[in-house]
Amino acid sequence: MKTRAVVVEDEPIARQQLRELLLEIDWIDCVGEAADGRSAAAMIDQLEPDLVFLDIEMPEMSGLDVLRSIQHEPAVVFTTAYDKFAVAAFELEAIDYLLKPFGRERLRAALERVRRAVHDETDVPVAKRAHEALDQLSGDGTLTRLFVRDRGRILPVAVREIERLEADDDYVAVHLRGRRFLVYLGMSEFEARLDPTRFLRIHRSHIVNLDHVAAMVPFDATRLQIEMKDGTKLIASRTRSRELRSLAI
């Protein structure tokens, strides 16, 4: 029996290329295509495919929003042009992803894992596991857990344990327990997802966890020096220093 698949991709050329690659797979039957998240959600629940190739970033609804909204539970392979935080969070073998552009061999490797998952009746559906993974966000969208790479391993990190975040070119360095991990996500994206009652952006390059701040002392006439409990000293920007001073009772 063939595996029925739906391709969800907002870029016409990428959608065509994936469709052509799937034609070479004799056990895959591509039964539908969608170019945006809203159409994809309706199609998935209507056609009930076994497998969905799902672009993460799309108009109307993201791939993650699609998974939140559908009732059907297909196997899912994410496709994305950006190896960013959203991908790292699903890189635990529970959900596969294809980093665009990808070729035949990478697609076939993903499909072998999918084939085992589709035919394993004891396996938890991928969409259900996606819902569980999305629970990393609290009800108000605040980030509570992320995953970091460490010498070939993927480690879960409770956000409350993060001591500080530091911009490092296109990455953000996550500091905790004397370790430093690089995550491919912008500082502004982090700031938008972190609990503002716990995390404070003191500079364009630094976010600190207030639970790990020992003291804030004058550095010069306009700036404050943030002293972390581990001994690290950071200089807050003039604007942030002014805001911090206004918080003092």
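The values are calculated or read from the model by the stated rules, or taken from the named source; none is laboratory data. If you're wondering where the values come from, they're calculated on a predicted model, not measured in any experiment. Glycine gets a Cβ as well: all are built from the backbone with ideal geometry, and neighbour counts include every protein chain shown.
Every residue in segment 191-243 that is polar (S, T, N, Q) and out of contact with any strand residue (DSSP E or B) (no Cβ under 8 Å at 6 or more places or on another chain), please.
Correct list: T197, T222, T239.
Could you tell me whether any residue of segment 108-115 is under 12 Å from V77 (Cα atoms), surrounded by 14 or more Cβ atoms within 10 Å (Cβ to Cβ) and modelled with pLDDT under 70?
Scanning segment 108-115 turns up no residue that is under 12 Å from V77 (Cα atoms), surrounded by 14 or more Cβ atoms within 10 Å (Cβ to Cβ) and modelled with pLDDT under 70.
Can you say whether E24 is in a loop (DSSP other than H, G, I, E, B), surrounded by fewer than 19 Cβ atoms within 10 Å (Cβ to Cβ) and in contact with a Ser or Thr (Cβ under 9 Å, 6 or more places away or on another chain), as far as the supplied structure shows?
For E24, the condition - in a loop (DSSP other than H, G, I, E, B), surrounded by fewer than 19 Cβ atoms within 10 Å (Cβ to Cβ) and in contact with a Ser or Thr (Cβ under 9 Å, 6 or more places away or on another chain) - is not met.
So for segment 193-204 (the condition being closer than 30 Å to A81 by Cα, outside the structural domain of A81 (by TED's automatic domain parsing) and part of a helix (DSSP H, G or I)), does at least one residue qualify?
The answer is yes; a qualifying residue exists.
Filter segment 188-215 down to the residues that are among the aliphatic types (A, V, I, L, M) and crowded, with 19+ Cβ neighbours inside 10 Å and list them by number.
L194, L200, I202, I207, V208
So I44 passes all but one of these: (1) surrounded by fewer than 19 Cβ atoms within 10 Å (Cβ to Cβ); (2) at pLDDT 95 or above. Which condition number does it fail?
Condition (1) is where I44 drops out.
I need the full set of residues from segment 155-192 which are more than 22 Å from L247 (Cβ to Cβ), assigned to a loop (DSSP other than H, G, I, E, B) and not small (G, A, S), in order please.
D169, D170, R177, Y184, L185
R164: in contact (Cβ under 8 Å) with a residue 60 or more places away in the chain and surrounded by fewer than 15 Cβ atoms within 10 Å (Cβ to Cβ), yes or no?
No: the conditions fail for R164.
Looking at segment 3-16 only, could you name the residues that are assigned to a helix (DSSP H, G or I) and surrounded by fewer than 17 Cβ atoms within 10 Å (Cβ to Cβ)? Even if it seems obvious, please write down each step before you answer.
Our first condition is that a residue be assigned to a helix (DSSP H, G or I); within segment 3-16, this holds for 12-16.
Passing the criteria: P12, I13, Q16.
Mind listing whichever residues of segment 47-69 are assigned to a helix (DSSP H, G or I), out of contact with any strand residue (DSSP E or B) (no Cβ under 7 Å at 6 or more places or on another chain) and at pLDDT 85 or above?
Within segment 47-69, S69 is the sole residue that qualifies.
Run down A221, A248, A158 and say which single residue is loosely packed, with under 14 Cβ neighbours inside 10 Å and touching a residue at least 12 places away in the same chain (Cβ under 8 Å).
On the way: A221 fails: touching a residue at least 12 places away in the same chain (Cβ under 8 Å); A248 fails: touching a residue at least 12 places away in the same chain (Cβ under 8 Å).
Criteria check complete, one pass: A158.
Quick check on my filter: what residues within segment 169-178 are surrounded by 13 or more Cβ atoms within 10 Å (Cβ to Cβ) and under 23 Å from G231 (Cβ atoms)?
Within segment 169-178, V172, A173, V174, H175, L176 qualify.
Can you tell which of R201, R149, R245, R164 is of a type outside the set (S, T, Y) and closer than 28 Å to L99 by Cβ? Before the answer, list the steps.
Numbers: R201 fails: closer than 28 Å to L99 by Cβ; R245 fails: closer than 28 Å to L99 by Cβ; R164 fails: closer than 28 Å to L99 by Cβ.
When all the criteria are applied, what remains is R149.
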